[in-house]
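*Asks:* The structure that follows is given in the form of structure tokens.
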Amino acid sequence: RFYHEKVVDHYNNPRNVGSFDASDPSVGTGLVGAPACGDVMKLQIRVGDDGKIVDSCFKTFGCGSAIASSSVASEWIKGKGMDEVSKITNNDIAKHLSLPPVKLHCSMLAEDAIKAAIKDYDAKRKK
């Protein structure tokens, strides 16, 4: 099966690859994995004083669909508030990338990484 052109684009030209300092109080880090297939995704958010995500980055070890899902997620969350970002679902990402059913776990990882990054950021704020 061939990858959809959007997957190929995000795989060949991933957006926002990198890492932030995880100890920075304005940074939330979500690290998730799928042991069954070996995909591991780290998504980080940097939140501004207004509560909106001002920047994001990711590092993903996995297939083209996992990398593309991370790349899309990192783009979609920039400039948005936590409430809006927390409503992004794996279905939204999978539909955008036209992922086949066998690759839906990749978009699920992206959704989980977003939620984990928000949870990490919130935990830091409460300290």
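*Asks:* What does the extension gain come out to for S98 and V17, with contour length at 0.36 nm per residue minus their alpha carbon separation?
*Replies:* Full extension of this stretch gives 27.0 nm more.
*Asks:* Please list, short to long, the whole-number percent of alpha-carbon pairs of the chain in consecutive 10 angstrom bins beginning at zero.
*Replies:* For the chain, the pair-distance distribution reads 15, 49, 29, 7, 0.
*Asks:* Something else: Assuming a strict under-13 Å limit between Cα atoms, what lysine pair count do you get for the chain once near-sequence pairs (fewer than 8 apart, same chain) are dropped? Working shown, then result.
*Replies:* Values: K6/K95; K42/K59; K42/K115; K52/K78; K52/K80; K87/K115; K95/K103; K119/K127.
Taking the Cα cut-off of 13 Å, the pair count is 8.
*Asks:* While we're looking at this one, here's another question. Could you please state how large a percent of the accessible area of segment 5-126 is carbon and sulfur, counting protein chains only and using a 1.4 Å probe?
*Replies:* 53 percent
*Asks:* So, for segment 5-126, what is the accessible surface per residue at a probe of 1.4 Å, expressed in square angstrom? Present the calculation step by step, with values, prior to reporting the outcome.
*Replies:* Working: 6010 Å² over 122 residues.
Per residue, segment 5-126 has an accessible area of 49 Å².
*Asks:* Output wanted: per-residue J couplings in Hz (rounded whole) for segment 8-18, from phi through Karplus 6.51 cos²θ - 1.76 cosθ + 1.60, θ = phi - 60°, x for Gly and Pro.
*Replies:* With coefficients 6.51, -1.76 and 1.60, one gets 4, 4, 5, 6, 6, 10, x, 9, 6, 6, x Hz.
*Asks:* In addition: Amide H to amide H, which residues 5 or more places from V17 or on other chains are under 5 Å from it, using H placed in the peptide plane?
*Replies:* It is F58, by chain and number.
*Asks:* Can you work out ³J(HN,Hα) from phi for every residue in segment 41-54, in order, using Karplus 6.51 cos²θ - 1.76 cosθ + 1.60 and θ = phi - 60°, giving whole Hz and x for Gly and Pro?
*Replies:* Each residue's phi maps through the Karplus curve to give 10, 10, 10, 10, 10, 10, 10, x, 4, 7, x, 9, 6, 8 Hz.
*Asks:* May I pose another question? If you find the alpha carbon centre of segment 1-41 and of segment 49-72, how far apart are they in angstrom?
*Replies:* 5 Å
*Asks:* Oh, and also: Return the calculated 222 nm mean residue ellipticity for the chain, to the nearest 500 deg cm²/dmol, obtained by summing -39500 (n - 2.57) across DSSP H runs with n ≥ 4 and dividing by the residue count.
*Replies:* Roughly -13500 deg cm²/dmol at 222 nm, from the helical runs in the chain.
*Asks:* Work from the charge dipole of segment 29-127 (Cβ charges, +1 for Lys and Arg, -1 for Asp and Glu, about the Cα centre) and give the residue of A66, M41, H105 farthest towards its positive end.
*Replies:* So the residue furthest toward the plus end is M41.
*Asks:* A further question on this structure: Suppose every K and R has +1 on its Cβ and every D and E has -1 on its Cβ; what is the size of the dipole of the chain about the Cα centre, in Debye to the nearest 20?
*Replies:* The dipole of the chain has a size of about 160 debye.
The values are calculated or read from the model by the stated rules, or taken from the named source; none is laboratory data. Here the structure is a predicted model, which means the values were calculated and not measured. Every residue, glycine as well, gets a Cβ built from its backbone with ideal geometry; the counts of neighbours run over all protein chains shown. For accessibility, only protein heavy atoms count, side chains too; no ligands or nucleic acids. Shrake-Rupley method; radii C 1.70, N 1.55, O 1.52, S 1.80 Å.
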